[in-house]
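What follows draws every value from the coordinates through simple rules; no lab data is involved. Predicted model only: the values in this text are computed from it and were never measured. Ideal geometry is used to build each Cβ from the backbone, glycine not excepted, and the neighbour counts take in all protein chains shown.
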Amino acid sequence: MTAVISGTGLWRPSDSITNDELVASFNAYVERYNAEHAADIAAGVLEPLQPSSAEFIVKASGIKHRYVLDKKGSLDVERMVPRIPERPNEQLSLMAEVSVTAAKQALEQAGRDAQDVDAVICSCSSLQRPYPALAIEVQNALGAGGFGYDMNVACSSATFAIQNATDIVRAGHARSVLVVNPELTTGHLNFRDRETHFIFGDAAVAILIENAEVAPKGAWKILGTKLQTRFSNNIRNNFGFLNRGDEQFRDMPDKLITQQGRKVFKEVVPMVSEIVLQQLAELKLKPSDLRRMWLHQANSNMNRLIAERVLGHEASQDEAPTVLDEYGNTAGAGSIIAFHLHSSDLKSGDRGLICSFGAGYSVGAIFVQKT
Ligand code: CO8
């Protein structure tokens, strides 16, 4: 049985932050911190904080701008945390709401109703709550049937869920599986950390995976998938339900994302390019058979290197489109945003690669062909 991607959808917040705005807020915080701790800094017992710079951010990452849930709270030097009012249990939760918006677009693109959906997978880097599953809330809000469950594979959340959905369709358990990937990353971003404050943005995507027999023309046949993980502490978030058992460490910065960016860069680039090349060979395809690569959107220099190692030449924007300049790193959603915004011009028979990489480490490669 063949599985296809028959629709995708995208939600993004209306608030956004430029690098200059982000750096102005961060540097105001640094100035204030250093002034408040001037005596300890002068006595050599405390290191002064260093300012951030918009030039560094663009050069090191390619990011110029990001969409965020709450600009005011994120930039307010008194707070530097998005303000996200809690909702009563009777109201649709925020993550379900943004997922439903993206899902409706994906269904519309595929010409489907929610009643056609037999399963929902909600997969993302940070789930809003442990249970009931967000996927079941989305299933209920849409009026879909079947079953739903949540999963988390950090930046590879969407691609790993596509593999799950493909397996469900191939096994005959469902004809249409909806994957939603709500990445509200700023809830877990430390806007006071110079190393990471500029990296992430918020977005949600949805992908409809269906049995090819019921899918519309123009859907993307899934030619092959490859997942790989290798343990690393270089991207880590220690937030979890056991934290409340140790008040001393409960609110420490390691309960937000921390990373050794340089190490990640060096270790992940070879890992991704090797997996893609191996899988191409297994599918009896050549790199030149790939019309386009929709790569994870973490760092433009990283994507340039990966694309070059796979294709054997520097990739153009047409071969490997970038969206992170506008969206920042939206964790699992990045490669799907690139696919959603930059795939409609491809023709029947064109092949491409959706590829994620991130914490874990985790790599997900989905090879597709337009029908
Ligand atoms: N402004 C100015 N200078 C800075 C800044 C800043 N903001 N930050 C660091 N510097 C300084 C450093 O201190 C360093 O100074 P020195 O040379 O004196 O030590 C210098 O600039 C160079 O720093 P780096 O070596 O760290 O700079 P890099 O060129 O490596 O760039 C990056 C840093 C951009 C972080 C880069 O390494 C990178 O993008 N690496 C890959 C990271 C990656 O792909 N991560 C994947 C994360 S996604 C994921 O899986 C997580 C999912 C969870 C999502 C939810 C999160 C909220």
Checklist entry - Hey, fewest Cβ within 10 Å first, where do Val120, Val269 land in order? => result Val269, Val120
Checklist entry - Taking the Cα centre of the chain as the origin and placing charges on Cβ (Lys, Arg +1; Asp, Glu -1), which of Tyr67, Val98, Leu285 is farthest toward the positive end of the dipole? => result Leu285
Checklist outcome for this item: In whole angstrom, largest first, the equivalent ellipsoid semi-axes that the Cα gyration tensor gives for the chain are 35, 25, 17
Checklist entry - For the chain, with only Lys/Arg (+1) and Asp/Glu (-1) charged at the beta-carbon, what is the dipole magnitude about the Cα centre, in debye rounded to 20? => result 940 debye
Checklist entry - Quick one: Arg112, Arg170, fewest Cβ neighbours within 10 Å first, how do they rank? => result Arg170, Arg112
Next on the checklist: If I model a spin label at Lys104 and Asp251 as a point 7 Å from the Cα along the Cα→Cβ vector, what separation in nanometres do I get?
Outcome noted: 3.8 nm
Checklist entry - If r is the Cβ-Cβ distance from Asn243 to Asp350 and R0 is 45 Å, what FRET efficiency results, to the nearest 0.05? => result 0.45
Next on the checklist: Quick check: pseudo-label points 7 Å beyond the Cα along Cα→Cβ at Ala28 and Lys266, how many nm apart are they?
Outcome noted: 3.8 nm
Next on the checklist: Net charge around Leu107, counting only other residues with Cβ within less than 10 Å of its Cβ (Lys, Arg = +1; Asp, Glu = -1)?
Outcome noted: -1
Checklist entry - With each pseudo-label sitting 7 Å past Cα toward Cβ, what's the His313-Met1 distance in nm, one decimal? => result 4.2 nm
Checklist outcome for this item: Taking a ≥ b ≥ c as the square roots of the eigenvalues of the Cα gyration tensor, with a/c under 1.5 meaning rounded and otherwise prolate when a/b exceeds b/c and oblate if not, segment 1-53 is prolate
Item to check | Cα centre as origin, Lys/Arg/Asp/Glu Cβ charges: segment 220-370 dipole, Debye | outcome: 400 debye
Checklist outcome for this item: Taking a ≥ b ≥ c as the square roots of the Cα gyration tensor eigenvalues, with a/c under 1.5 meaning rounded and otherwise prolate when a/b beats b/c or oblate if not, segment 213-263 comes out prolate
Item to check | Of Lys104/Lys221; Lys226/Lys286; Lys221/Lys370; Lys217/Lys370; Lys64/Lys255; Lys104/Lys347, pairs whose Cα-Cα distance is over 18 Å | outcome: Lys104/Lys221; Lys64/Lys255; Lys104/Lys347
Item to check | segment 175-254: chymotrypsin sites (Phe, Trp or Tyr not before Pro) in DSSP loop, at most 11 other beta carbons within 10 Å | outcome: Phe231, Phe241, Phe249
Checklist outcome for this item: Computed curve, segment 220-370, Cα-only Debye sum without solvent term, log₁₀ I(q)/I(0) at 0.21 Å⁻¹, is -1.34
Checklist outcome for this item: In terms of the alpha carbon gyration tensor, root eigenvalues a ≥ b ≥ c, rounded if a/c is under 1.5 and otherwise prolate when a/b exceeds b/c or oblate, segment 305-349 is oblate
Checklist outcome for this item: Here Rg/Rh (Cα, Kirkwood) for segment 97-174 equals 0.94
Checklist entry - Label point 7 Å out from Glu36 along Cα-to-Cβ: which residues of segment 177-192 have amide N under 18 Å? => result 190-192
Item to check | Listed residues Met271, Ala35, Ser362: farthest to the positive end of the dipole of the chain (Cβ charges) | outcome: Met271
Checklist entry - So for segment 1-141, Kirkwood radius off the Cα pairs, Stokes-Einstein at 4 °C and 1.567 mPa s: how many µm² s⁻¹? => result 69 µm²/s
Item to check | Ranked Asp118, Asp318, Asp350, criterion: other C-beta atoms within 10 Å, fewest first | outcome: Asp318, Asp350, Asp118
Item to check | Rel. contact order, % - alpha carbon contacts under 8 angstrom, at least six apart, segment 220-370 | outcome: 35 percent
